[in-house]
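The values are calculated or read from the model by the stated rules, or taken from the named source; none is laboratory data. Just so it is clear, the model here is predicted, and its values are computed rather than measured. Using ideal geometry, Cβ is built from the backbone for each residue, glycine included, and neighbour counts are taken over all protein chains shown. Heavy atoms of the whole protein, side chains included, go into the accessibility calculation; ligands, DNA and RNA do not. Shrake-Rupley method; radii C 1.70, N 1.55, O 1.52, S 1.80 Å.
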Amino acid sequence: MTVNNDVAAWFAGKLPAGWFAGPAEVANDGDEILVLGTLPDVELAAARIDRFREETRDDRVRIAREAERQFRRKVAWGASCGDQTKIFTTLSVPVMTRLRMPERSILDTLVAGGVARSRSDALAWCVRLVGMHQADWIKGLRDAIVKVDEARNKGPLN
């Protein structure tokens with residue numbers, strides 16, 4: 001994830017005062033902008049986040065539509081309170097699977113670093129890397145799948 005100061009400044013000027021305990025974190029990539037704010041700490045953090053989500057929905061939709069026209073990217077929202085964080089809306093971009101912004105950021109870094117030509121190549125590179133470094137774990141998982149299949153075959157037929 002990167003922070004574009006123009007995007008962050010735009011949101012700083014648009015977000016209503018008092019929504020968050022401090023400035024919102026604004027991260028973005030070529031597909032999505034994520035606005036994540038911190039709410040004042042309370043005992044029932046999840047309930048506080050849910051209430052914020054409901055109370056601000058109309059304003060968030062209005063701001064997001066304006067930002068989407070301005071920056072030609074979708075806007076995702078989230079809030080943190082205490083040790084809880086919830087992302088309300090988020091974009092899944094097809095890259096052989098659906099990935100969120102943090103995963104796309106890793107792929108984009110591999111592309112920018114010349115490790116891969118595209119996100120698809122970067123994803124394949126990551127899969128190969130996991131396969132190389134997690135061979136024993138993968139083998140154990142495959143062995144477990146075989147045992148599950150054997151147990152399933154010993155049971156009654158459907």
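Structure notes:
- Close pairs (6 angstrom Cβ cut-off, 6 or more residues apart or separate chains): closer than 14 Å to residue 20 by Cα in segment 42-59, assigned to a helix (DSSP H, G or I) anywhere: 42/48
- Residue that is least open to solvent (accessible area, probe 1.4 Å), among those in segment 58-76 that are touching an Asp or Glu at 6+ places or on another chain (Cβ under 9 Å) and basic (Lys, Arg): 73
- Meets criteria (farther than 21 Å from residue 101 by Cβ and among the small types (Gly, Ala, Ser)) for residue 21: yes
- In summary, residue 102 fulfils each of the numbered conditions (1) at pLDDT 90 or above; (2) under 19 Å from the mean Cα position of the chain (by Cα); (3) within 24 Å of residue 19 (Cβ to Cβ) with the single exception of condition (1).
- Options 25, 55, 32: the member that is open to solvent by 80 Å² or more (accessible area, probe 1.4 Å) and within 18 Å of the chain's Cα centre (by Cα): 25
- Within segment 17-67, the set of residues being among the acidic types (Asp, Glu) and out of contact with any strand residue (DSSP E or B) (no Cβ under 6 Å at 6 or more places or on another chain) comprises 29, 41, 43, 50, 54, 55, 58, 59, 66.
- Meeting the requirement of 2 or more residues that are within 28 Å of residue 36 (Cα to Cα) and either touching a residue at least 40 places away in the same chain (Cβ under 8 Å) or open to solvent by 60 Å² or more (accessible area, probe 1.4 Å) (or both), the helices (runs of 4 or more DSSP H) wholly within segment 77-158 are 101-112.
- Residue in segment 134-151 that is farther than 20 Å from residue 14 by Cα and within 22 Å of the chain's Cα centre (by Cα) present: no
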